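Just so it is clear, none of the values below were taken in a lab; they were calculated from the coordinates. Model, not experiment: these values are computed from the prediction. Backbone-built Cβ (ideal geometry, glycine too); neighbour counts: all protein chains shown.
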Amino acid sequence: MNKLFLLCTAGLIGLTGCSKSSAVGLDRDKPKGASSANELSARHPTAPNAQNPRDIAALFQVEASNRPTGTLRAEDVLEAFRRSGIELHEERQHLARPYGARYCRGAKSGAGLALSVCEYIDASAAQSGAEVSRKIPLAHREIRLNRATSLTVRHIDKTPASDALAQRLFETFAKL
């Protein structure tokens, strides 16, 4: 009898513990239509998901179509590197979502460096994205931030020449 009473009491507590007003993700106090989907999308750190999240090409398109404003653009950063005499090759978009970013482009420089430039909605999101990225165990990688844009440089082949090139990349990035 005691066990039955405890089970029923626990069940009632569980049922009443999750009322409509405390449901996660629901804001019942806001009038309907108070914030548009675009407003929510603009504030969300990553781009909206593609209709089919397994369709990589669609994910790339959604990220490219939902880039943040008010920060350095990846193409402008890469172009600044070229203008400063740094050779880049194999430039292409890569998924931004795993890093909490809106848009990312990667490239290689020489045989020794891989780099990635990611755009975030704000400096706080960039800092969070850098922290997430740093948790991924990769040797010889460094991440720098400029406003809401990050530059990640990874040595494929760590040499004094690649160290000097990485330093030039970071100096150029800091001046933008």
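A few points about this structure:
- Estimated FRET transfer efficiency when R0 is 30 angstrom, pair His94-Ala123 (beta carbons, to 0.05): 0.90
- Summing charges over all other residues whose Cβ lies under 10 Å from the Cβ of Ile143, with Lys and Arg as +1 and Asp and Glu as -1, gives +2.
- The residues packed around Gln167, meaning those with a beta-carbon under 15 Å from its beta-carbon, carry a net charge of +3 if Lys and Arg are +1 and Asp and Glu are -1.
- Pairwise label distance in nanometres, Ala114 with Arg82, each label 7 Å out on the Cα-Cβ vector: 2.2
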